[in-house]
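Encoded as structure tokens, the structure appears first; notes follow it.
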Amino acid sequence: MKKFIPLAILALLIVPAYVVAARSDTASGPKPSIVLIHGAWADGSSWSGVIQRLQERGYTVYAPPNPLRGLTSDSAYIASFLQTISGPIILVGHSYGGAVITNAATGNPNVKALVYIDAFAPDQGESLATLSSVPPPPGQSPSCVSGDPTQVFNFVPLTGGDIDLYIKPSLFPSCFANDLPPNEGAVLASTQRPFALSALSQTSGVPAWKTIPSFYLVGTIDRAIPPFAQLFMAHRANATIVEVRGSHLVMISHPRAVADLINQAAQTVSGNSNANSGLTLAPAAL
């Protein structure tokens, strides 16, 4: 009988440890869905490399079309799309898509984190025009789309008085895709979707980043939304910040870094922040 006592003690030591581990796993809750919102002059295909990596990690991923008609209507559309998803959501926006998620997530309790990728994160009353007009610090360059509009855009008049804007194909590769091969930038220039001129002046509502945890990836060689502007918005949102040597299209040139940050956001809000993301995240410091 004495031979069985050590085994019984060992069993008592092992079983509680197993139970604790099991509870730890289940306490993290259901895996969130990932919703990716593209920016102006783009479509959902810009997320292809990121989607592949997120799906390999077991996430359900959505990349709905952003209408690009105006901040009010675009945010309302994405907000309606989010209502079709049950369970927790990680909402991700690139460029103008950041302004859209800032408004679309407000009041939605299922949105657990916002992830900004080279993106606008406006405060209430701000527009893309006001954020883009902030002069750069000494020694830094302004946005590559802030110059003479006739040298930056092609204009297509619309019924009702609005105008569709296209980035001039000759400018697109160097402005948006300066870390991609020129031929790839040329393809993206040819397939760009237009952005309504009236969208530039529409102001943001109450920003969701004031109440929802935020994460921000800064492309340090972004020429469309310069790093100084990105860092200002990221710090203001009290976001967790990652810097990557990438262009404005960092989700195409560095899809793994983008997927890693999204995964880190999902793990953090799920209460399992020890997951290996492959990135070291630096909290924003004012």
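The values are calculated or read from the model by the stated rules, or taken from the named source; none is laboratory data. These numbers were taken from a predicted model, which means no experiment stands behind them. With ideal geometry, Cβ positions are generated from the backbone for all residues, glycine too; neighbour counts draw on all protein chains shown. Only protein heavy atoms, including side chains, enter the accessible area calculation; ligands, DNA and RNA are left aside. Shrake-Rupley method; radii C 1.70, N 1.55, O 1.52, S 1.80 Å.
Brief remarks follow.
- Length gained on full extension, Asn238 to Ser80, computed as 0.36 nm times the residue gap minus the Cα-Cα distance: 54.2 nm.
- Between the alpha-carbon centres of region 142-165 and region 90-130 there is a gap of 23 Å.
- Label sites at Arg245 and Gln124, each approximated as a point 7 angstrom past Cα along Cα to Cβ, lie 4.2 nm apart.
- Taking 0.36 nm per residue of sequence separation and removing the Cα-Cα distance, the Gln140/Lys210 pair yields an extension gain of 22.3 nm.
- Distant-in-sequence amide H partners of Ile37 (H built 1.01 Å from N, under 5 Å): Val92, Gly93, His94
- Using a simple spin-label model with pseudo-atoms 7 Å out from Cα toward Cβ, Ser190 and Arg57 lie 3.4 nm apart.
- Between Ser201 and Ser174, the modelled label-to-label distance comes to 3.0 nm, taking each label 7 Å out from Cα in the direction of the beta carbon.
- Between Ile221 and Leu158, residue separation times 0.36 nm minus the direct Cα-Cα distance comes to 19.3 nm.
- Overall, the accessible surface of region 129-248 at a probe of 1.4 angstrom is composed of carbon and sulfur to the extent of 61 percent.
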